[in-house]
1. Within segment 15-159, what percent of beta bridges assigned by DSSP are antiparallel, to the nearest 5?
2. Compute the orientation-averaged projected area for segment 53-184 from the convex hull of its Cα atoms and round it to one decimal in nm².
3. Going by average Cβ density within 10 Å per residue, which order do the peptides 133-145, 30-42, 95-107 take, highest to lowest?
4. Restricting to DSSP loop positions (anything but H, G, I, E, B) with no more than 13 other Cβ atoms inside 10 Å of their own Cβ, which trypsin sites (Lys or Arg not before Pro) remain in segment 148-228?
5. All other residues with a Cβ under 12 Å from the Cβ of Val143 taken together, and with Lys, Arg as +1 and Asp, Glu as -1, what is their net charge?
6. Summing +1 for each Lys or Arg and -1 for each Asp or Glu, what net charge is found among the other residues whose Cβ lies under 11 Å from the Cβ of Thr123?
7. Using Cα-only point scatterers and the Debye equation, what is log10 of I(q)/I(0) for the chain at each q in 0.07 Å⁻¹, rounded to two decimals?
8. Can you list, bin by bin at 5 Å, the percent of alpha carbon pairs in segment 1-83, starting at 0?
Amino acid sequence: MSAKQEISIIPSVLPVDFSQLGNALVDLEKAGVDRIQWDVMDGVFVPNLTFGPDVIASTREVTALPFEAHLMIVEPDQYIERYIASGCELLIVHAESTRHLHRTLARVKEAGAKAGVALNPATPIEAVENVADLCDLILVMTVNPGFGGQAYIATMERKIRQAHELAESVSNQIEIEVDGGISASTVAGAAAAGARALVAGSALFRHAGGLEAAVSEIRSIAASAVGQ
Ligand code: DX5
């Protein structure tokens, strides 16, 4: 079994009030999330601009939670060391963002971080078959990247199953992550297809019961969907 089985709830910080970024991380830790995802956007790979490494670094001491950087940027190789130095222990690069994906992932590992690869909805699982041995995580995007609050693309559940099968076929352990439109009404399908790392933004911050209730609800539904 090489697909990681533990369920992780991972907030995207996109919906946060950025004037209260540090306090939001403290609240997320109290709410029981497992790690933080920084949606890094450069305005080129996706039509939005977000966090540089200095912003992330400024919050590093606020929480003990692990940080992952979802690099929705072109030329990610140029930023590997800086996002690691900012406090991110996992860097997720897009297969579509670099001409030499194998080299980019190897550089992330050589720099001392865990390496993840993300696939946009149109990108087939075959794009990562030859680099799975370098991966600690495969992220199946369930929206087109760039913005929070979008609708879950349920047809991605076939690719989630393919990613899980790929993870089962390699000797290194790989975590299957999903990002985009994950909520109480969509998480069961994603988890049943093989996702265990569940990134959510809107569903956490807009939940009527607050963050802790949202985290607990999504975790419980995902666990039930996989018989845990
Ligand atoms: C897309 C972003 C969003 C975000 C989650 O580029 O990465 O997927 O993390 O947003 P929600 O959970 O609101 O869809």
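No value in this document is a laboratory result; all are computed from the given coordinates. Bear in mind that the values here come from a model prediction, so they are computed numbers and not experimental data. Because the Cβ atoms are built from the backbone with ideal geometry, glycine has one as well, and the counts that use them run over all protein chains shown.
1. On the way: 1 of 21 bridges.
If I count the DSSP bridges inside segment 15-159, around 5 percent turn out antiparallel.
2. Mean projected area of the Cα convex hull: 8.4 nm².
3. Working: 133-145: 22.7, 30-42: 20.4, 95-107: 17.2.
Taking the mean over residues of other Cβ atoms within 10 Å, the ranking is 133-145, 30-42, 95-107.
4. Arg206
5. -2
6. On the way: positive: Lys159; negative: Glu96, Glu126.
Result for the local shell: -1.
7. -0.19
8. Using 5 Å bins, I get a P(r) of 3, 13, 24, 23, 16, 13, 6, 1, 0 for segment 1-83.
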